[in-house]
Amino acid sequence: MIGIAIIFNDEIFNFTLSNGRHVGLFLALLGTFFASTGNMVHQRNLNNNLASMPSIAYSMLYGSLVTLLITQIKGTELLFDYSFSYIASLAYLTIIGSIFAFIFYLKLLEKVGAGRAGYVGALMPVLALLISTVFENLEWQTDLIVGLPILIIGAVLVINQKIKPIKS
């Protein structure tokens, strides 16, 4: 948390309700809630010996239908570009970015449990910063140089901690 706070201190301390950032913050919190809920549902499904692949397929289908419903309620026009770049990027995001990513993440969830698997989220800002550095020419300021090692050290400490049994 300290590393994240250092890295994003400008965004945190300059937060105002007037520029619409509160909507993004709300959506991020809502997304985190649903991701955590999904972890728990998958863990329950595992405990009840439900097959992973059909569960993933149904989850993605339901998510797609909810997204379609929202677009229809909002009156958003559905567009499809038949160019190669659009279809290739859509296929990549569907197959690699969604299907395989969920399968690998849920396998991690099965191996290490929901608590530890959730710390993948702590490493996402690191990946985002590295991608921004390579593709968006992000200039590393002091806050990134100081905050990133703290974030990485914290994530490693949390992931490597021994889980102690609860005494009753």
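The values are calculated or read from the model by the stated rules, or taken from the named source; none is laboratory data. In this text, all values refer to a predicted model and were calculated from it rather than measured experimentally. Here the Cβ is made from the backbone with ideal geometry for all residues, glycine too, and neighbour counts use every protein chain on show.
Descriptive notes on the structure:
- Selection of first residues in the range 55-83 that are without any contact (Cβ under 8 Å) to a residue 40 or more places away in the chain and closer than 28 Å to Ile103 by Cβ and of second residues that are of a type outside the set (Ser, Thr, Tyr) and part of a loop (DSSP other than H, G, I, E, B), restricted to Cβ pairs under 7 Å at least 6 apart or on distinct chains, gives the following pairs, ordered by first then second residue: Thr71/Leu78.
- Of the helices (runs of 4 or more DSSP H) lying entirely inside the range 1-66, those containing at least 1 residues that are exposed (fewer than 11 other Cβ atoms within 10 Å of the Cβ) are 9-13, 21-47.
- Verdict on Ile159 being surrounded by 13 or more Cβ atoms within 10 Å (Cβ to Cβ), out of contact with any Leu (no Cβ under 8 Å at 6 or more places or on another chain), at pLDDT below 80 and among the β-branched types (Val, Ile, Thr): yes
- Of all residues in the range 116-123, one or more are in contact with a Gly (Cβ under 9 Å, 6 or more places away or on another chain) and part of a helix (DSSP H, G or I).
- Whichever residue in the range 1-17 is of a type in the set (Val, Ile, Thr) and touching a Pro at 6+ places or on another chain (Cβ under 8 Å) and, among such residues, is nearest to Gly121 (Cα to Cα): Ile4
- Residue check for Phe100: of a type outside the set (Val, Ile, Thr), under 25 Å from Ser55 (Cα atoms), free of Cβ contacts under 8 Å to residues at least 60 places away in the same chain and out of contact with any Leu (no Cβ under 7 Å at 6 or more places or on another chain): yes
- Options Leu29, Leu61: the member that is within 22 Å of Gly147 (Cβ to Cβ) and modelled with pLDDT of 85 or more: Leu29
- Residue check, Tyr92 more than 28 Å from Leu148 (Cβ to Cβ), surrounded by fewer than 13 Cβ atoms within 10 Å (Cβ to Cβ) and without any contact (Cβ under 8 Å) to a residue 12 or more places away in the chain: no
- Tyr105 being at pLDDT 90 or above and within 19 Å of Leu46 (Cβ to Cβ): no
- Only one of the numbered conditions (1) part of a helix (DSSP H, G or I); (2) modelled with pLDDT of 85 or more; (3) surrounded by 11 or more Cβ atoms within 10 Å (Cβ to Cβ) is not met by Phe135, and that is (3).
- Restricted to the range 73-88, and to residues there that are more than 19 Å from Gly63 (Cβ to Cβ) and not aromatic (Phe, Trp, Tyr), the residue that is surrounded by the most Cβ atoms within 10 Å (Cβ to Cβ) is Ile87.
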